[in-house]
Every structure is written in structure tokens, then in C-alpha cells.
1. Hey, among the residues in region B:80-94 that are more than 25 Å from A:GLU225 (Cα to Cα) and more than 9 Å from every other protein chain (Cβ to nearest Cβ), which one's surrounded by the most Cβ atoms within 10 Å (Cβ to Cβ)?
2. Can you find, within region B:133-143, the residue that is nearest to B:MET105 (Cα to Cα) among those that are surrounded by 19 or more Cβ atoms within 10 Å (Cβ to Cβ) and more than 8 Å from every other protein chain (Cβ to nearest Cβ)?
3. In region A:149-168, which residues are under 15 Å from the mean Cα position of the chain (by Cα), outside any strand (DSSP E or B) and surrounded by fewer than 24 Cβ atoms within 10 Å (Cβ to Cβ)?
4. Restricting the search to region B:40-62, which residues are assigned to a loop (DSSP other than H, G, I, E, B) and more than 7 Å from chain A (Cβ to nearest Cβ)?
5. I'd like the full set of residues that are away from every other protein chain (no Cβ under 14 Å), of a type in the set (A, V, I, L, M, F, W, C) and either surrounded by fewer than 24 Cβ atoms within 10 Å (Cβ to Cβ) or free of Cβ contacts under 8 Å to residues at least 24 places away in the same chain (or both), limited to region B:144-168.
6. Go through region B:6-34 and report how many residues are modelled with pLDDT of 95 or more and more than 13 Å from the chain's Cα centre (by Cα).
7. Do the conditions hold for B:SER33, that is, is it at the interface with chain A (Cβ under 7 Å from one of its Cβ atoms) and small (Gly, Ala, Ser)?
8. Can you say whether A:GLY102 is within 15 Å of the chain's Cα centre (by Cα), farther than 23 Å from B:LEU161 by Cα and either in a helix (DSSP H, G or I) or facing another protein chain (nearest Cβ under 7 Å) (or both), as far as the supplied structure shows?
Amino acid sequence: MNKVYPDAKSALEGILKDGMMIMSGGFGLCGIPETLSDAIRDSGVKNLTFISNNAGVDGIGLSRLLETRQIKKMISSYVGENKLFAQQYLAGELELEFNPQGTLAERIRAGGAGIPAFFTKTGVGTLIAEGKEVREFDGEKYLMERSLFGDIAIVHAWMGDTAGNLVYRKTARNFNPMMATAAKITVAEVEHLVPAGQIDPDHIHTPGIFVKRIVQVGTAKKHIEFRTTRPRTAQAATGVEV
Amino acid sequence: MAWTREQMAARAAKELRDGYYVNLGIGIPTLVSNFIPEGIEVNLQSENGMLGMGPFPFEGEEDPDLINAGKQTVSELPSTSYFSSADSFAMVRGGHIDLSILGAMQVAQNGDLANWMIPGKMVKGMGGAMDLVAGVKRVVVVMEHSAKDGPKLLKKCNLPLTGERVVDMVVTDLAVFTIDKHGKDGMALIELADGVTLEEVKANTEAEFRVALKNA
């Protein structure tokens, strides 16, 4: 069976509906499936719920679907660096559900693994705990969190093969592997598409069973949110403020 | 004379131990990596999916696929590994990270921490902060001692909490405090910044604390 589609538009053909829940990989602008999210924007579907750690920055990524008001709700851990998001949220036009980042990652992982709920220490005694079951294990309190499962997931990988196997690159991996497992249909955009057999099976991060459709998008579109460097003469030092 | 941001970071860096896996927050905590004591090797974890975080890259070597949790470009080290967000927070929640150093808006004398939300203002989100304070073995807060509108070290936080009874130590520009977050010993003043008096600390602190100065 063929998983390979010639472009983002055809890779999303027939699976987009108003009101659907979409998982979208990436952390900040790193590893976001931007070609696919742009194609979702161009399709015109609306009232979408997006599960994504962030909401892009003004003019890039999911922010482009905020411009067209196609997003009804975001489930995220951090939405800074996005004026349009703040505007729409403060005007009551956009719903927002904040999840602690690790809880968000685990809800998605659990969803993909067929685990309906789990208990975590994160958020005990905070606003996040409101309405959630608290249970004590070995003398410590834990919150029950439900898993997440999307109608579709869109992910970005560095390399994929015709069987749908994926390899991510550096910190562009982030939420992509869990999201690939946690939706009815996962569509992957890859920078490099190779025939099955070209990737060492020991190096595959996401096995092809999780990926229904795959499209090659090249490497042209990549963004850096904060470009930080050190001069060649300086001593090695991590994170000197600029 | 209170401590500068660099002096606060240098003081927090004294909490590092050889072999520690450490997560540093954004702001002053990031500066801590510039003051790692000689002879000590620490591994920096970045919760977006990297262990063994290196320095900022040389100009021209920035890679959009290689960033830290503050979305800044960073570089690799020989010890570096990459992993998913789920694996990253398994490290955090599972108690595998030795130390988390982060900023705060308010800390209470029982170790409660508030650092993510001011009601009525646009909320950016908690990111990984709630997971870090709940899961990391030891939590050190580095922050200015006072805000414009008053003390930040309080009897009880009035901002929404990031975590309950999670803070072990607070380094401010005026002093260093320890907090017995699980026990009954409460908060203790253990060091004064250079040239700062006990009276000055008392005047700027709402929280109740014992005085247990090491070199007094």
C-alpha cells in the first residue's frame, strides 16, 4: 500500500473536517510541521482544536491559522511570544487549556498507548488540580490526568521512508514521536524521503505502523526564534545572556 | 550592597555537585552555567529533549533543530543525547534530575512556589515548571528579594501556585534561605549577601524565618 503523497495538500485530502482535534508536533518553532499546518489553513476547515505545546509566533506556524480564525481551542503548555494569540484569547474568541508540559507529553503518550488515564505529582495543590481526582500512593498525593487522542496528527521528521518509518533530528524530535502514535490518522512531513530499507532499522524513532501518510517537504522552511551565539575567541560558556 | 545577578548565580552554583544532572530555568538561573565550580562536572538537561547541553554555537553554526527550552540556539557536547518530550519528563517526574534552579514571583515559608500566573494579566503558561518542581530531587529558587510592590518571601503565596511545598533553598540579592519543605523546621536564614544586615533582610521579608547564619 502506498503511503507517499506528492504534496501536503494531497496528503491531507479527505481527512479534514470542521471541529476536529489535531495534534501538531514541535517545540517553539523547532520541529513544527509547518508545510502541513499551512495546508490545513489553505483547506479552510474551521472550529479546530489544536493540541500543540505552543501556538507558533506571530506570522509563523499555527499562528497563521489564528490569523484566519480557524482555531477554536488550543491545548498547550506555553503560548508566549504571540500577540495575536493574546488578543484573541483576551477578547474571548479563543479557548485555551493549559497543561504542564510533562503532563501534556504524557497525556499524548498514554493516548497513543491505549492508557485512558494516569496519576502524576505534577500540579497537586494548584489550579491544574481543580476537578481532578486526587489519590494517595505510598503517602504522596497524585492527580489523575486523562489521556489525549486526536482525529489526526501532523508531525515533522528529518527522514522518512516509503514504509512510514521516521527519524527525527536533534531537538526537533520533542513532541513529534508521541503525537505520531496518538491519532486516528498521522500525516508526517519529512525533509528527506528514502525507499524502505535505506534507514538502519536500529535507528528508527517512529515505526511505520503509526504513520499513514508521508510527504517530502525539503529543508527550506526552518526558523530560529532566538539566535544566540558566542564569538570564536570566547571561552565556552552555556547560556550567557545577550 | 546587595548581590548582582551574577553574584546570585555564582552563589546558586555552589549547590552543584560533581556528576549532577541539572535543569536551569530562564533568566538568572541560566547564568549559573557560567559559574560551575572548577573540578566539577555537571550535565545540563533541557526539557525540550536534550541532555548534555553545550554553550551557544559559534556565529554561523546556529542550527534551527538545536535549541534549548528558552528557544535559544545551543550546541552539542561529546556527552549529548536527544530524546522526546515524554522521555524528558520521565527524567524529571521520575526523580532522575538532581537539581532544578529556577526563578520565582513568590515563595512561602513552607516551600510553596508561585511563578507562572498573575490573575487578570495575560498568562503565557507554566511550560515545564510544574513538572520540574514536583519531580526534581532538589529545587533552588533564585530571585530578587523584593518586587516593586513589596516582599516576595511570604507567609503564604497569594498568586496561584506552581507547586506546593517544593522549594528547598532561596537565593536572593540580599540573602540565602533554606526551607524544610517536608518537615517542621520552616525557613532559615543561612547567609547574608556582602554588606547586607540582618535588619535589612527582616525589613524586606514577610515570611517568618529562623536566623542560622553560618559565619555569624
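The values are calculated or read from the model by the stated rules, or taken from the named source; none is laboratory data. A quick note: this is a predicted structure, and the numbers were derived from the prediction, not measured. We place every Cβ from the backbone using ideal geometry, glycine too, and count neighbours over all the protein chains shown.
1. The residue in question is B:MET91.
2. Taking region B:133-143 first, the residues surrounded by 19 or more Cβ atoms within 10 Å (Cβ to Cβ) are B:133-136, B:139-143.
Next, only the ones that are more than 8 Å from every other protein chain (Cβ to nearest Cβ) stay: B:133, B:136, B:139-143.
On the way: B:VAL133: 14, B:VAL136: 19, B:VAL139: 15, B:VAL140: 13, B:VAL141: 10, B:VAL142: 10, B:MET143: 8 Å.
Once the filter is applied, the top-ranked residue is B:MET143.
3. Scanning region A:149-168 gives a single hit, A:PHE149.
4. Listed by number, the residues that qualify are B:ILE40, B:GLU41, B:VAL42, B:GLY60, B:GLU61.
5. So the first thing to find is which residues in region B:144-168 are away from every other protein chain (no Cβ under 14 Å), and the list is B:144-155, B:168.
Right, trim to of a type in the set (A, V, I, L, M, F, W, C) and you get B:147, B:153-154.
Selection gives B:ALA147, B:LEU154.
6. Counting residues in region B:6-34 that are modelled with pLDDT of 95 or more and more than 13 Å from the chain's Cα centre (by Cα) gives 7.
7. Against the criterion (at the interface with chain A (Cβ under 7 Å from one of its Cβ atoms) and small (Gly, Ala, Ser)), B:SER33 qualifies.
8. Values: within 15 Å of the chain's Cα centre (by Cα): yes; farther than 23 Å from B:LEU161 by Cα: no; either in a helix (DSSP H, G or I) or facing another protein chain (nearest Cβ under 7 Å) (or both): yes.
No, not satisfied.
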